[in-house]
């Protein structure tokens, strides 16, 4: 299906592979390369968002319908910024162009950009019924956003509109900061305009710092909004909620609604939200340093084990910091005929994730280290895709103790859809404790996303390197 982007076209749907709209005559292959497949969003009179394809790649097209000069300036600014910034947590800008629909006097301003799959954090919390996230996930997300802001600020920009609805959680757990139409560049010209009162005001109630309300935004204004965002995530309440904010006395009492976070993390968030910009962290590097200190408090190094395990007993999914328990297991080594050659008892650590109705998920701690991934060229029956053998550094993570069962799958599929529908009982061989099967990689990604929403922890599929590392468990013999 080809979709016409002329806002005045009464019947924008068209068959594939035609060049002009059958209703209004406007071009359908934009600038000779982009074909619009469907409207994604278009409420209000400011702009519309479409899904477009370029060859086999799906992207997003933002179209500005508002023709006011200031709206055009902000739109062009977003295009310029996205093409300058380079970070996995920032959408890649592809191309900016203008398009004149048939019989129109005013061109449409268009921006093609990377499509970001996932939920914004406002919707994420809504689907979780505004249940607070845990402090470990908050720390991980703070680190991700600080790294994104570091890229933005290093390029002499500041965002000015950080809030939950402008942060998207990808299925792989990566946060993406969006809506760069409000970005400002730190230049002498900007500072002159600021003093002269010629700067456009950008305000999101509850998230905008005092100085920005008076057209005096600075780099540290982003830190205030970042702190308010995490108040929302850690309490499940908007910063303007009467339960945590008294507007008459201007008192902000969010900490009483988050009793399960360490004081160091709460103090840090309070510092981000100081009324005076000069009392907030000086820059993103200070923030990253503070987060590293808090991480050492939340995740102190484990004491060395007397006897590290030789072989991992279990397999797959993601890092978090709940209370860990030790369990014993036996490692059995066999020869090529299956005869037992050695037995070794050892210990590992795990935590239990409650999925409700008696269904649990056991996650095993995998210690980080370095290992040789792939196989040597001399190994018999090796495959070409196992070359070259190379050293990989693996950070500590958690994997499921067993494969996902049908009971676990059903418990998680009860969470509302994020990107794709999931069958509650897809398996051919039925049994609540049997492994789930007849599911695709995309289904597994959706499962992890919903599991993250349900639990407030960041679950994902293991990478190929993590999977091989966990299965090898320190061995160097041929890998089967």
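The values are calculated or read from the model by the stated rules, or taken from the named source; none is laboratory data. Owing to the predicted nature of the structure, the values given are computational and were not obtained by experimental measurement. Here the Cβ is made from the backbone with ideal geometry for all residues, glycine too, and neighbour counts use every protein chain on show.
Summary of values
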item: Residue match in segment 153-174 (condition: closer than 21 Å to residue 261 by Cα, modelled with pLDDT of 90 or more and under 11 Å from the mean Cα position of the chain (by Cα)); result: no
item: Odd one out for residue 403, checked against (1) out of contact with any helix residue (DSSP H, G or I) (no Cβ under 8 Å at 6 or more places or on another chain); (2) crowded, with 16+ Cβ neighbours inside 10 Å; result: (2)
item: Matching entry among 47, 55 (being at pLDDT below 85, over 23 Å from the mean Cα position of the chain (by Cα) and buried (at least 18 other Cβ atoms within 10 Å of the Cβ)); result: 47
item: Qualifying residue in segment 282-292 (condition: closer than 22 Å to residue 164 by Cβ and part of a loop (DSSP other than H, G, I, E, B)); result: no
item: Check on residue 329, within 26 Å of the chain's Cα centre (by Cα) and modelled with pLDDT of 70 or more; result: no
item: Single residue of segment 90-107 satisfying the filter (at pLDDT below 90 and touching a strand residue (DSSP E or B) at 6+ places or on another chain (Cβ under 9 Å)) that is nearest to residue 23 (Cα to Cα); result: 94
item: Output for segment 428-453, where each listed residue is touching a helix residue (DSSP H, G or I) at 6+ places or on another chain (Cβ under 6 Å) and closer than 30 Å to residue 123 by Cα; result: 436, 447, 450, 451, 453
item: Filter pass, residue 324 being modelled with pLDDT of 70 or more and in contact with a strand residue (DSSP E or B) (Cβ under 9 Å, 6 or more places away or on another chain); result: yes
item: Members of segment 19-44 that are touching a strand residue (DSSP E or B) at 6+ places or on another chain (Cβ under 8 Å) and loosely packed, with under 12 Cβ neighbours inside 10 Å; result: 19, 41
item: Candidate set from segment 88-111 (those that are surrounded by 17 or more Cβ atoms within 10 Å (Cβ to Cβ) and under 21 Å from the mean Cα position of the chain (by Cα)); member that is nearest to residue 37 (Cα to Cα); result: 94
item: Within segment 412-444, tally of residues that are outside any loop (DSSP other than H, G, I, E, B) and either buried (at least 20 other Cβ atoms within 10 Å of the Cβ) or at pLDDT 90 or above (or both); result: 4
item: Single match in 143, 139 (criterion: surrounded by fewer than 20 Cβ atoms within 10 Å (Cβ to Cβ), under 30 Å from residue 257 (Cα atoms) and at pLDDT 90 or above); result: 143
item: Neighbours by Cβ (under 7 Å, 6+ apart or cross-chain): first from segment 392-421, outside the structural domain of residue 438 (by TED's automatic domain parsing); second surrounded by 13 or more Cβ atoms within 10 Å (Cβ to Cβ); result: none
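This table checks each residue for (1) surrounded by fewer than 11 Cβ atoms within 10 Å (Cβ to Cβ); (2) touching a residue at least 60 places away in the same chain (Cβ under 8 Å); (3) on the phi > 0 side of the Ramachandran plot.
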position	(1), (2), (3)
243	no, no, no
249	yes, no, no
263	yes, no, no
267	no, no, no
272	no, no, no
280	no, yes, no
